[in-house]
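For reference, the structure is listed below as structure tokens.
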Amino acid sequence: MINLDIESWALTRAHHIVLNEGLNLAKAAQDLDRKRSRTLVYQLQKVIAAAILEAHAASGNSNAELPAKPGR
């Protein structure tokens with residue numbers, strides 16, 4: 001049951017990341033805006049790292065729960 005919750009959270013979080021940061025990055029790349037693209041790549045890295053750390057922290061603590069809605 002816990003694995004299903006983690007998988008569900010991960011899918012929701014990944015969807016959120018792709019829709020927000022991923023779409024922004026795609027738009028900047030389409031506009032050939034290199035400076036904005038670099039900035040958004042960095043932002044995407046930060047969001048992914050935060051999600052990984054959040055999942056790791058929750059998996060290490062059996063009483064911790066992952067948030068239902070993705071946070072930034």
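Values quoted throughout were computed directly from the atomic coordinates according to the rules given, and no laboratory measurement underlies them. Since the structure is predicted, the reported quantities are computational estimates derived from the model, not experimental observations. When we count neighbours, we look across all protein chains shown, and the Cβ atoms used for this are built from the backbone with ideal geometry, even at glycine.
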Discussion item. Give me, ordered by chain and number, the residues 5 or more places off Asp33 or on other chains with an amide H under 5 Å from its own placed amide H.
Written reply: none
Discussion item. For the pair Leu23/Arg36, report the inter-label distance in nm, with labels modelled 7 Å from Cα in the Cβ direction.
Written reply: 1.5
